[in-house]
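Encoded as structure tokens, the structure appears first; notes follow it.
The values are calculated or read from the model by the stated rules, or taken from the named source; none is laboratory data. Model, not experiment: these values are computed from the prediction. As a convention, Cβ positions derive from the backbone with ideal geometry for all residues, glycine included, and neighbour counts pool all protein chains shown.
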Amino acid sequence: MSTLSYRLPQKRALVTELPGPKSTELGARRRAAVAAGVGSSVPVYAADADGGVIVDVDGNSLIDLGAGIAVTSVGASDPRVAQAVSEQAAHFTHTCFMVTPYESYVRVAEELAALTPGDHEKRTVLFNSGAEAVENAVKVARLATGRMAVVAFDHAYHGRTNLTMALTAKSMPYKTNFGPFAPEVYRMPMSYPFRDEAGLTGEQAARRAITQIEKQIGADGVAAIILEPIQGEGGFIVPAPGFLPTLVSWARANGIVFIADEVQTGFARTGSWFACEDEQIVPDIITMAKGIAGGLPLSAITGRAELLDAVHPGGLGGTYGGNPIACAAALATIETMRELDLPARARQIGETATTRLRALAAEVPAIGDVRGRGAMIAVELVKPGTALPDADLTKAIAAKALEQGVIVLTCGTYGNVIRLLPPLVIDDDLLDDALTVLEQAIRAATA
């Protein structure tokens, strides 16, 4: 990675307990003004952020191992992104691409055609959120195939809208009491090496799912299979080798659209531009968001031209989709990722973190698994000597890390996974400090 200069000192520094008095005051104001259904992982309020640090309103400098859930991969205030946003805002903030189009939307589509896997002819549509991208990918698949059924998987997370809640596996907090959900969604077993029966290969796990699809739906009734190449909210589950290629091969043989949901795994996060590349998977449609635009709301679907062009004019779009400021940010983000070779940096981060965490796992029986790819790393916590999930321990570790100024996120179907998603521009010293704090938190919580 090229040498970076940071606007803020890249150091962990605590000047108050957490939360500090100003964050505590904001928390009280929030409770009187913001709906209780909106949760936050930590009770501190941000005032500034740069590189791998977030500075809160009380002046505490915290190490950020969440990156806004894999969004601020280039940092939360990358100079190129900030300049691009400022310059675009000075010209126009919105015209609506469906009314008066503009070049930056076209340039983003061209970039995505070049970056996403496969050398086939592609088309792109831009939206605002990952859930919106997923909804539209399913729309395209259903129209193009004339079929209705959509196959999703155990542990999946695809969003919070009605259709994407149906696709999402975990009930609480995402689905409970929000139904009824969109029909014609079928859930199949995922490859989960830590929890699968011993010796089950990726190909065997895929065949298990395919057999259920053929029995429950029939291949000729399936419009699409949608799958995260590495599952995110479900626990950073990396399927066994062969699982994805077997599913893709079967889908292609049966005229089924394979949708890769790379909302969380995309844009250098896993050590490649997209996680599909690691097993040479070429999806028919790929959904993107999060890391695409340096923190501005933007998402996209890119797919085979014959699929996206099958939709009638006006069938895809949205008032804010591909907003010009977000497009400017996306172009700047991609330029920064190329210049700094952030896929390579993600691999370095992953090697550093997994080496240390696996060494710790050899000493701490409560660590059931350390897994991930690139800078998308998970620690699964269990009751020692078993595979029983330990969600309480997971929460305790995250809380102890925060006490010392390190923000880590939790996830997993069972709430028992610590996930690490640091900004890809985090420097080595800061990463080392964060891992030391996390190791100390795990030791303290399991003592």
- Item | Set Arg373, Arg347, Arg338: member being out of contact with any strand residue (DSSP E or B) (no Cβ under 9 Å at 6 or more places or on another chain), in contact (Cβ under 8 Å) with a residue 12 or more places away in the chain and among the basic types (Lys, Arg) | Arg373
- Kindly indicate whether any position in the stretch 147-155 is touching a residue at least 12 places away in the same chain (Cβ under 8 Å), in the same structural domain as Ala289 (by TED's automatic domain parsing) and more than 18 Å from Gln212 (Cβ to Cβ). no
- Task: Could you grab me the full set of residues in the stretch 413-447 that are in contact with a helix residue (DSSP H, G or I) (Cβ under 8 Å, 6 or more places away or on another chain) and part of a loop (DSSP other than H, G, I, E, B)?
- Result: Tyr414, Gly415, Asn416, Leu421, Pro422, Pro423, Leu424, Val425, Ile426
- Query: Within the stretch 130-147, can one find any residue that is closer than 20 Å to Glu335 by Cα and either modelled with pLDDT of 95 or more or not small (Gly, Ala, Ser) (or both)?
  - Reply: no
- Task: Looking for whichever is without any contact (Cβ under 8 Å) to a residue 12 or more places away in the chain and part of a helix (DSSP H, G or I) here; the options are Thr211, Thr164, Thr176. Which one fits?
- Result: Thr211
- The lone condition Ala396 fails out of (1) in a helix (DSSP H, G or I); (2) small (Gly, Ala, Ser); (3) crowded, with 24+ Cβ neighbours inside 10 Å is (3)
- Message: Within the stretch 259-285, take every residue that is of a type in the set (S, T, N, Q) and surrounded by 24 or more Cβ atoms within 10 Å (Cβ to Cβ) and give me the one that is farthest from Leu331 (Cα to Cα).
- Response: Thr270
